[in-house]
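The values are calculated or read from the model by the stated rules, or taken from the named source; none is laboratory data. Note that the coordinates shown come from a computational prediction; the quantities given were computed from them, not determined experimentally. Cβ sites come from the backbone with ideal geometry, for glycine too, and all protein chains shown count toward neighbours. When the accessible area is computed, the model is the full protein with side chains, heavy atoms only, and any ligands, DNA or RNA have been set aside. Shrake-Rupley method; radii C 1.70, N 1.55, O 1.52, S 1.80 Å.
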Amino acid sequence: MFDLISAELEARLGEEFAAAPTLPDFLAKTSPLSAAERRLIASQALVLLEQNYAHLPLKTTRYAINPAQRLRLLIARIDEDGAGEPEWRFHAELLDIFTSLRDLHTRYTLPHPFSDAVAFLPFRIKEFTGGDRLRYLVAPLRPGAPAFPEGPFQPEAELIHWNGVPVARAVEVFGERLPGANPAARRARAVDFFTVRSLGMTGPPDEDFVTIGFTDLQGAAREIRVQWKVTLPQTPADQALAGESELCVDVEALRVAEVRTRLFAPDVVARRSGARTADAAPGAIEVPAAYAGVFEARRTGTGFGYLRIRTFVSPDDDIAGMVRQFIGLIDQLPPNGLILDIRGNPGGHGVAAELMLQALTARPFQPEPFQFLSTSLNLRICRGDQQLAAWRPSLEQAVETGAAYSAGFPLTAPRLLPLVPQVYFGPVVLLTDARCYSAADLFAAGFQDNGIGTVIGQDPTTGAGGANVWKTARLLQSMNDRPDSPYRPLPSGAEFSVAIRRMLRVGPNTGTPVEDFGVRPDVVVPATRADVVGQDADLLARAAEELSRMKPRRFEALVTEGPTGVAVTVDAHGVDRADIVLDGRPMASLDVGAGTVSTMVSGTVRDEVAVIGHDAATPVATRLFRRPTPGSPLTLLTTLHP
């Protein structure tokens, strides 16, 4: 056995993580809850599941479970035994009840010190398909990361056993302990969380250390033993989002991603602080420091643009700024084809996701609707919040009709979408995997449902998180501390989150729930070894191949006002007709070839001129000209209007 002292391996991770306590030392410092505190936590869980949880009918039917009855039995045992039952059994039972829902939105977070703690091993693993089976490597280092200490355990070593269990089986077993919505999502999450785990939501690992069997870079069989250590993030990544109403996010993934970034992505940490990194990818486009953890953009060697969206959480809660940054980066990319990449995106602000999609289509974007479960408590919440007024009438009718759900309405206000111009006219493909969740599911569904382009997935489906999530703080806020509120603050930092509104699809998939089913890609391309060690070489080649088969398109328009009307000039490729619309009224139509055409349109423009390009009767390109203020000249709209 090759026994690597963990301190040697962790020395490369910096003072914060090298000083982290071992798992046994951390667990020794925990303090117990009283029987009353346990009863309060379990009772609040029962309120959430019975009165708020949007997916309860789906989950009880699909998985043949009865989580509400399990909670009642748990409360009864507390009343009978008091605090006699070991606390770990209470937490384990509560975690298991919530895990049985297979829902990453609806979670129980253990109290302090578990709530913010993350257990880690000082390396990541990556999965790929090779020889008709799943295989696992120690992940390659990102740019700027210190090298591993000398020894046989190095990046790209292949993992064979984990505590004596074949590693593929160990990943499968761990995945069954996680609440992913489908087998692909559970396996992807197991790989992602295998060496970095939230103690607050997953609980501590069973073992104090792991023994890993691996094949070194020379092909020799080796073993290594590494201790689990625990870090406490200074500020949990989701802390600022506690009171959000329209959040669509995997809270646990958000927390773990922040720790994983600080552990393994020093280049991202440096860019977020405003530093320039010397080893940026060829063709890289500079991203402002505030958005360095959100976007990555570059021109690929195949001549196409590449834009990765790592999260839909907008810095400083500035959704408009995030959308403008997205548009600004697209404007710097080649116009002949765009690869959008949302793999691993845990979600965030669903409104930001849908506004970004509007920038990619000529047609009015159709957002995905959301529904409340029809309960008396959800009705009370909607009656007390004007922002939820649209859902109120259908919930009131449900008392008479017996409808299980309210009517569906989008999170994105209809007035916002026309403020976003189309800014990209070339072909687009979207890269997904089973780690895409919540607002990333929303983005993938909207992309596919609105016919924006081709979805290429590394897994058979996305993570299948179809809901808007509220946390304990937002639920307390919803009742405005009314004396008849069923919600109570939880002790010692314990917390719940719940899928409060479920998401449905539109277009050709109208009415289909996203939860559990996700978004199925048009093309499935499993990860290869070349993807793992070669920066997605095979995947990006497949995306470029798809783009090269799609129709390139260019669309430029110029509008000049005159005393009796407007002169319109169109320079386009891949468009056969252009319609000119003045203040919503069609006024002229031009046949467009591969060149420039002009016309004069009589009439007075009050606010807006739209020049809409068609290909075989389908709108494919739109240029909007608006007056920024009454009486000012018409101006081409190039970004989200203030």
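Summary table
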item	result
Subset tally (residues that are assigned to a loop (DSSP other than H, G, I, E, B) and either over 22 Å from ILE452 (Cα atoms) or open to solvent by 20 Å² or more (accessible area, probe 1.4 Å) (or both)) for segment 526-579	14
Candidate set from segment 480-493 (those that are among the hydroxyl-bearing types (Ser, Thr, Tyr) and part of a loop (DSSP other than H, G, I, E, B)); member that is surrounded by the fewest Cβ atoms within 10 Å (Cβ to Cβ)	SER485
Segment 283-305, residues that are in a loop (DSSP other than H, G, I, E, B) and of a type outside the set (Gly, Ala, Ser)	GLU286, VAL287, PRO288, VAL294, THR300, THR302, PHE304
Yes/no for VAL191 being under 21 Å from ALA464 (Cα atoms), touching a strand residue (DSSP E or B) at 6+ places or on another chain (Cβ under 8 Å), crowded, with 19+ Cβ neighbours inside 10 Å and modelled with pLDDT of 95 or more	yes
Residue in segment 164-178 that is closer than 26 Å to VAL498 by Cα, touching a helix residue (DSSP H, G or I) at 6+ places or on another chain (Cβ under 6 Å) and β-branched (Val, Ile, Thr) present	no
Members of segment 363-380 found to be outside any loop (DSSP other than H, G, I, E, B), touching a strand residue (DSSP E or B) at 6+ places or on another chain (Cβ under 8 Å) and either open to solvent by less than 10 Å² (accessible area, probe 1.4 Å) or without any contact (Cβ under 8 Å) to a residue 60 or more places away in the chain (or both), listed by number	PHE370, PHE372, ASN378
Enumerated strands (runs of 3 or more DSSP E) restricted to segment 587-628, each holding at least 2 residues that are β-branched (Val, Ile, Thr) and under 25 Å from THR639 (Cα atoms)	608-615, 618-626
Residue that is in contact with a Ser or Thr (Cβ under 8 Å, 6 or more places away or on another chain) and either at negative phi or open to solvent by 60 Å² or more (accessible area, probe 1.4 Å) (or both), where the choices are PHE148, PHE90, PHE174, PHE123	PHE123
Residues located in segment 331-347, provided they are under 18 Å from VAL420 (Cβ atoms) and surrounded by 22 or more Cβ atoms within 10 Å (Cβ to Cβ)	LEU333, LEU338, LEU340
Where a residue in segment 494-512 is part of a loop (DSSP other than H, G, I, E, B) and its partner, wherever it lies, is surrounded by 17 or more Cβ atoms within 10 Å (Cβ to Cβ) and modelled with pLDDT under 95, with Cβ under 6 Å and at least six apart	ALA494/PRO111
Of all residues in segment 381-408 being more than 16 Å from LEU48 (Cα to Cα) and β-branched (Val, Ile, Thr), the one that is surrounded by the most Cβ atoms within 10 Å (Cβ to Cβ)	VAL399
From THR231, THR215, residue being polar (S, T, N, Q) and open to solvent by 20 Å² or more (accessible area, probe 1.4 Å)	THR215
VAL423 being more than 23 Å from VAL469 (Cβ to Cβ), surrounded by fewer than 21 Cβ atoms within 10 Å (Cβ to Cβ) and in contact with a helix residue (DSSP H, G or I) (Cβ under 7 Å, 6 or more places away or on another chain)	yes
